[in-house]
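The values are calculated or read from the model by the stated rules, or taken from the named source; none is laboratory data. This structure is a prediction, so every number in the text was calculated from the model and none was measured. Here the Cβ positions follow ideal geometry from the backbone for every residue, glycine too, while neighbour counts run over all protein chains shown.
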Amino acid sequence: MTDNSYAQGPDQDGHFGMFGGRYVAETLMPLILDLNRTWQEARDDPEFWDAFHGLGRDYVGRPSPLYFAERLTRHLGGARIYFKRDELNHTGSHKINNTVGQILLAQRMGKTRIIAETGAGQHGVATATVCARFNLPCVVYMGTKDIERQAPNVFRMKLLGAEVRHVTSGSRSLKDALNEALRDWVTNVDSTFYIIGTVAGPHPYPELVREFQAIIGREAKEQLMAVEGRLPDTVVACIGGGSNAMGLFHPFLDDRTVDIIGVEAAGRGIESGEHAASITGGRPGVLHGNRTYLLQDDDGQIVEAHSISAGLDYPGIGPEHAWLADQGRVSYVSATDDEALEAFHLCSRLEGIIPALEPAHALAHVMKIAPALPDDHIICMNMCGRGDKDVFTVARTQGVDL
Amino acid sequence: MTGTRIDRRFADLAGQRRAGLAAFVTAGDPDPILSARLVAGLPGAGADIIEIGMPFTDPMADGPVIQASSQRALKAGMTLAGTIDLVRQVRRHDDDTPIVLMGYYNPIYSYGNDAFLEDAVDAGVDGLILVDLPSEEDRELCLPAVEAGLNWIRLATPTTDSKRLPDVLAHASGFVYYVSITGITGTHAATSQTIASAVDRLRRHTDLPVAVGFGIRNGEQAAGIARIADAVVVGSAFCQAVADGLDNGKGTDASIDNALTLCEAISYDVRKARA
Ligand SMILES: Cc1ncc(COP(=O)(O)O)c(C=O)c1O
């Protein structure tokens, strides 16, 4: 990695500094090397990107709008707040940007079966969607805890023809769904392509998912230049595994005037120990194919994460984020369940946009910093998902049974 | 005396013209005290090599049986330090049986690689099998472990093609562990015919002894492998035997007796397989 850029990584073995890598079982290794070859070729192939951008335009609905949140800006009384509206994408979140890219890679490799893990169900739905579109059988692993709290998405996946497999091991949420998907993959290596839903996993996943999501940041930059004639001062995104955040951040990494902030889920508060803030509350370790910050105990056992948002309920974070944190280029902060809920309600009432609980965490941080900033300060926040899937969870917090 | 306990044991087995039985159990399953009794009892029940699983919350290459075994051990308070201590206890009475630790990298990384290697060697560990450290990550722990005098036991699988084998075997020592299926522990077994051709292929690339495991659960299957390979690895079947002896989720003498009885039976079949 060159000294003067934050955007060059990873190296050819998938390392971002000490993070990343390929910590997988030998059975998977030849396939992962194959995937890397296919990806590196596709990356240099204009036809691949034509297909990607064509689907992005006609199927996903890109570019997503950049929206000036006028009432929220006035309410908070400080910085000008823009939303990058990836919640308007087909299927309701940024996850589809990545699944469109990966299904094209699966096709290139001649794979005949797709698997995925999901937490909030958004990645599962986005995967089931492209599988329907490309006529490939799809199996989605989902923890039973998440199946309960994201029921609408479970039904959507089934409507799309996917098989949803219930994961009852461990903490019954995203980390365990990932374990189960890896077990399936190792059993069906020849036929199966694993569409990982975030910028984690063994190399080249963190890199390729980032490249598919970086469309968010590139569009945002262009759109801000068009309306404001300059770069934003701050960009903000929530972090589960970190894909929507990396997608927004990456094109801004070398713009040193831009403050970059990732918001992790603080659950019931960092000090309660019940949170999902891997950088704020974890330390480096190795899980799911890469070295990164992890929530773990003194013995290196992985600790269950806690968040009201199923999509942030993961005890790790993509390795590039771990590296950017250590470099000091990106600041990682956190927002609690309660703060996210407050942001959820405020955004719904002021802007007529019901956000997913994941970006509600990003918004919670925007609410903390915007009032003290001058009115010529531009914040761009990734509104990476819509809240339809979360109405049950939010109703429950109000004692309403839908 | 040359080489490690593993080298000596395989030389011994070759002299007896029979395959060895490698028995896998999880450290701390069903609880640390019963686990120490089980491990100490394995050589007497016919195990030639002991593989001790280091319990981990997220055993990505393991099926439900070993997952449950790992969970029981963790719930009973097992740690990596406890696993090393278990080896130390067994070594007080047994200085010959090779002991291999098998598991996932994170607990070791958390313990500190240097401290772990020092303590493992000191306790009498002979070799390591790390599921999630492929040859691409050899600098991480493999090279330091070899430097520290431990055997690095490499997993080879049906997907490890001939092009890749030289890299995979580059720093291997002790023996090579052939994973007979693409999949997780405790599911089906491959046919002896496919295993035989895979073992032949391995032997063309290495002089190390070859052990075969994954999916072998009874004496008959074990005997089939014992005619082909230098050692047979049985794991899930022992962990299931421990589980079968649980009473209300708690380990009992039956957990230990079940596993040791099964070990005797499989060992009997392994020993007479080539007779
Ligand atoms: C709307 C939304 N945002 C964010 C996330 C978190 O993932 P990531 O951090 O990879 O963007 C999810 C995951 O399910 C999601 O559905």
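A:Gly21: at pLDDT below 95 and surrounded by 17 or more Cβ atoms within 10 Å (Cβ to Cβ), yes or no?
Working: at pLDDT below 95: no; surrounded by 17 or more Cβ atoms within 10 Å (Cβ to Cβ): yes.
So A:Gly21 fails the test.
How about region B:200-221: which of its residues are touching a strand residue (DSSP E or B) at 6+ places or on another chain (Cβ under 8 Å) and within 20 Å of B:Gly15 (Cα to Cα)?
In the first step, residues of region B:200-221 are kept if they are touching a strand residue (DSSP E or B) at 6+ places or on another chain (Cβ under 8 Å); the result is B:202-203, B:206, B:208-214, B:216-217.
Scanning region B:200-221 gives B:Arg203, B:Thr206, B:Leu208, B:Pro209, B:Val210, B:Ala211, B:Val212.
Given the residues A:Gly289, A:Gly282, A:Gly352, A:Gly311, which is the only one that is in contact with a strand residue (DSSP E or B) (Cβ under 9 Å, 6 or more places away or on another chain) and surrounded by fewer than 24 Cβ atoms within 10 Å (Cβ to Cβ)?
Working: A:Gly289 fails: surrounded by fewer than 24 Cβ atoms within 10 Å (Cβ to Cβ); A:Gly352 fails: in contact with a strand residue (DSSP E or B) (Cβ under 9 Å, 6 or more places away or on another chain); A:Gly311 fails: surrounded by fewer than 24 Cβ atoms within 10 Å (Cβ to Cβ).
Result: A:Gly282 is the single residue among A:Gly289, A:Gly282, A:Gly352, A:Gly311 that is in contact with a strand residue (DSSP E or B) (Cβ under 9 Å, 6 or more places away or on another chain) and surrounded by fewer than 24 Cβ atoms within 10 Å (Cβ to Cβ).
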Report task. Kindly provide the set of residues from region B:125-152 that are within 16 Å of the chain's Cα centre (by Cα), assigned to a loop (DSSP other than H, G, I, E, B) and surrounded by fewer than 24 Cβ atoms within 10 Å (Cβ to Cβ), ordered by number. Result -> B:Val131
Requested in this report: Quick one: count up the residues across region B:126-155 that are more than 7 Å from chain A (Cβ to nearest Cβ), of a type outside the set (D, E, K, R) and touching a Phe, Trp or Tyr at 6+ places or on another chain (Cβ under 9 Å).
Outcome: 11
Query raised in the report: Within region A:76-88, is there a residue that is among the acidic types (Asp, Glu), at negative phi and within 14 Å of another protein chain (Cβ to nearest Cβ)?
Result: no
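For B:Ala198, indicate whether it is within 17 Å of B:Tyr104 (Cβ to Cβ), assigned to a helix (DSSP H, G or I) and touching a residue at least 12 places away in the same chain (Cβ under 8 Å). So that I can check it myself, show each step before the final result.
Working: within 17 Å of B:Tyr104 (Cβ to Cβ): no; assigned to a helix (DSSP H, G or I): yes; touching a residue at least 12 places away in the same chain (Cβ under 8 Å): yes.
So B:Ala198 fails the test.
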Report summary line: All conditions in (1) away from every other protein chain (no Cβ under 12 Å); (2) not in a helix (DSSP H, G or I) are true of B:Thr159 except (1)
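Can you find, within region A:117-129, the residue that is surrounded by the fewest Cβ atoms within 10 Å (Cβ to Cβ) among those that are assigned to a helix (DSSP H, G or I) and of a type in the set (Gly, Ala, Ser)? Spell out how you get there, then give the answer.
Just the residues of region A:117-129 that are assigned to a helix (DSSP H, G or I), to begin with: A:122-129.
Adding the requirement that they be of a type in the set (Gly, Ala, Ser) leaves A:124, A:126, A:128.
Values: A:Gly124: 33, A:Ala126: 31, A:Ala128: 29.
Ranking the qualifying residues of region A:117-129, first place goes to A:Ala128.
Could you count how many residues in region A:359-402 are closer than 14 Å to A:Lys84 by Cα and buried (at least 24 other Cβ atoms within 10 Å of the Cβ)?
So in region A:359-402, the residues closer than 14 Å to A:Lys84 by Cα come out as A:359-360, A:362-363, A:366, A:378-386.
Filter again for buried (at least 24 other Cβ atoms within 10 Å of the Cβ), leaving A:359-360, A:362-363, A:366, A:379-385.
So the count comes out to 12.
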Report summary line: Across region A:232-269, the tally of residues that are closer than 14 Å to A:Ile308 by Cα and either of a type in the set (Lys, Arg) or more than 16 Å from the ligand (Cβ to nearest atom) (or both) stands at 2
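Looking for whichever is away from chain B (no Cβ under 14 Å), within 17 Å of the chain's Cα centre (by Cα) and under 21 Å from A:Asp34 (Cβ atoms) here; the options are A:Leu208, A:Leu248. Which one fits? Break it down into steps so the answer makes sense when it comes.
Working: A:Leu248 fails: under 21 Å from A:Asp34 (Cβ atoms).
Only one candidate qualifies: A:Leu208.
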